[in-house]
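This report refers to the structure that appears directly beneath it.
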Amino acid sequence: MKIRPPITVMPQVVLADKKRLRDELRTKTNLTGIMTYLKLDNGQYHVLSRYEEDIWLLPDHWFTDATKESGRNLSFNRITTPSLRSTAKVVMSRMIWGDNSLQGKRRGGTLTGSLNRLTSFFNWLPTLNITNTAEITPLVAKQYVEHVKSLKSKRGKRKGKTLVPGTVCQRLLAVERCYTELRDTQYGFAHPWPDSSAVALSGVDFHGKPKTEIISDEVLASLFQYAESILASAPELIRLQLLLEGFKPKSKDERRHGAERSKFLQSHGFASGVRAFNQSIMELRDCCFLMILLTTGMRVHELCNLKRDNWYSEVREVGSERELERFYFIGSTSEKTDEGDTHWLCPQITIDALKVLGDLMLPMQKRLEQQLLDAQSKGDVKEVARLERFSGSVILGRATNKSNQVSVLGSLSVNDRLQKLVDKLGLDCSLASHMFRRTFAVYVVHHKLGDLRYLRDHFKHWSLDMTILYGMNDKQDLELYDDIYAAFDDERQGIIGHWLESDTPLSGGLANQIRNLRDKATPTRTYKSRAVMIEHLSEQIYLRSTGLAWCTNDDGSCAGGRCEECEHGVIDDKKQAFWEGVYAQQIELKQIEGLGESGQTTVDKAIVRCEKVLSDLGADIEIIKQRVNTND
């Protein structure tokens, strides 16, 4: 009978195995020794996996909490050829031990992704009768490039279509990584493409990389309104959940427990039964997800790392009047760039959603604590570490295939739940959590430009200068501020580019100067392209919306609302609807009796102003008048 080596060992045993393996893997085969482990509080090490095993368990802290349990290991048995399986272990062990990770932190997702791509390559090689990587030549590598480019996507929107250049690049980079890790070993081979690179061969254009799609205003408005209404029902649903948690069915037949719970809920005011109640609880949780993603700009793994009560607020003096205003911050753990403890500026409704999640998760937290006690009694060190890390999480769920094991929801589960919300509302949108970050940045920009019509109250804290906001808390997500600045540049370039279009109607004091800039054909004489000209001009122009116009004045002064006359004012066709509305109101006012001479004079002047602007914008004044009279 084969006796498995001890599960718990002293540190010197781990270090000795690592040193021996590092030395032997260059020339020897059939290696044995400790590969992955978990350090215990007593200083000893709990062995997770050994080199000779075909599945290496990786420490949970190498992954985000949102990573599924099944995705936290390296499975070499998916490589069909034993000799190539051994080679893959050399590559992966060197990646684990190497210095390629930031600040020494090994990224579990990087390791599992690398093995997945390496598995595809190693399972392709035998089709050319290659079972030893030393036989790989540039010609073989060229054939693999052609093979990868011929592959078709198997899922998603691109199902049946060839792989996108980014995916092709990742597949080819795995070959380059294999070459790098093996070149001083018995498995080494020549550089796969001596005169090129994975990036060049894949056709990736990093400069022209498409931006993440943003959620449309119509979809976002519907989602937010619905989520806000569901959030309002939270106190009653949480009250019922607490009552139901304490209810004990009397029947010995478990098949009748559902009916008993439904009857109990009905006696407390919920008439639809226990199944509908559970769906309502899930929907409330999902709406909280949506609310937090929308109002913070955090990533999905940061959402999944949220803990109960991890927020704070502070009161600060703001503005020239030194008025007191409360600012809220929500905290989580970010693993995107090893930032760790990270905070996000947010409105109060975000904190409300976090509190609701905390209350919703109390029954699940109770189950987690019981499972933790069970794991401790069994001496299951890995399970104890996992459950302790998840304790206090507000994004918990149960794995139905693992005896209701409590775990943090994964990103796929979150995305699936968000899409179900969209589908329930009948919205035509393919929604994913990563879209919220760029949508958030764009909404912040619209607010700062004074052009945000919806959710204005929930973004009002972004009115302050960005440097002041970031200075409030040095643990904030700096990359999010970079995203906001990038979105601002995009928006400003779009507005100014629209002004420079030859057919864009303009009004306002600055309109003639912009028309002159069009007529001078500046792009062909001074700049390499029109895009470069717009980028250069936008960097020099201060821009904000006054509602009725765009203001380019950066010294804080104002012409008293007469933007159409101000030398800093620009009115384009995007503002036409506003002016038509004002014009219609003035026509209606003119028809009111008893305005008096002064009032009539004011209205007449306003009508003249509106007609001048609308004429500049190409509106038909007579049609607008007819429309107003028809409504009367």
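A few notes on this one:
- Fully extended contour minus Cα-Cα distance, from K154 to N516, at 0.36 nm per residue: 125.0 nm
- Percent accessible area from carbon and sulfur atoms, the chain, protein chains only, probe 1.4 Å: 50
- Sum of side-chain charges, F329 neighbourhood, beta-carbon under 13 Å (Lys, Arg +1; Asp, Glu -1): -2
- Size descriptor for region 142-295, Kirkwood hydrodynamic radius: 21.4 Å (Cα pairs only, one decimal).
- Taking a straight Cα-Cα cut-off under 20 Å and skipping sequence neighbours fewer than 8 places away in the same chain, the aspartates and glutamates within cross-link reach of K424 are D217, E218, E228, E283, D286, D416.
- The label point for K248 and the one for K142, both projected 7 Å from the Cα toward the Cβ, are 7.7 nm apart.
- Efficiency of FRET from Cβ geometry, A577 and K625, R₀ 22 Å, rounded to 0.05: 0.85
- Cross-linked pairs K355/K420; K68/K366; K154/K366; K154/K574: Cα-Cα separations exceed 32 Å for K154/K366; K154/K574.
- Accessible area (Å², 1.4 Å probe, nearest 10) - D217: 90
- Rg and Dmax of region 277-348, Cα atoms only, in Å: 15.0, 50
- Once the 1.4 Å probe is applied to the protein heavy atoms, the chain comes out at 52 Å² accessible per residue.
- Rule-of-thumb Rg ratio for region 359-403 [Cα; 2.2 N^0.38 Å; N residues]: 1.11
- In degrees, nearest ten, helix 478-499 long axis to first principal axis of the chain (Cα): 40
- Between S615 and Q266, the contour length at 0.36 nm per residue exceeds the Cα-Cα span by 119.3 nm.
- With each label modelled as a point 7 angstrom along the Cα→C-beta vector, the A432-V164 pair spans 0.6 nm.
- Orientation-averaged projection of region 366-452 equals 8.5 nm² [convex hull of Cα atoms, one quarter of hull surface area].
- Relative contact order for the chain, counting Cα pairs under 8 Å that sit 6 or more residues apart, in percent: 9
- Maximal additional length on extending the L173-T29 stretch stands at 49.2 nm, based on 0.36 nm per residue less the C-alpha distance.
- Residues I607, I292, ordered by accessible area of protein heavy atoms at a 1.4 angstrom probe radius and largest first, appear as I607, I292.
- In the frame of its principal axes, region 175-257 has Cα extents of 73, 45, 20 Å, reported largest first.
- The distance from the alpha carbon centre of region 364-394 to that of region 54-73 is 16 Å, rounded to a whole number.
- For the chain, the spread of Cα positions along the three principal axes, ordered from largest to smallest, is 108, 77, 48 Å.
- Kirkwood Rh in Å, taken over all unlike Cα pairs in region 107-164: 13.0
- Modelled FRET efficiency - R0 30 Å, E388 with R20, Cβ distances, 0.05 increments: 0.40
- Calculated FRET efficiency for the pair D604/D489, C-beta based, R₀ 56 Å, to 0.05: 0.85
- Between N116 and R367, the distance separating the two model label sites (each 7 Å from Cα on the Cα→Cβ line) works out to 2.7 nm.
The values are calculated or read from the model by the stated rules, or taken from the named source; none is laboratory data. Quick caveat, the model's predicted, so the values are computed rather than measured. Methodologically, a virtual Cβ is constructed for each residue, glycine included, from the backbone with ideal geometry; neighbour enumeration extends over all protein chains shown. Accessible surface areas use protein heavy atoms only, side chains included; no ligands, DNA or RNA. Shrake-Rupley method; radii C 1.70, N 1.55, O 1.52, S 1.80 Å.
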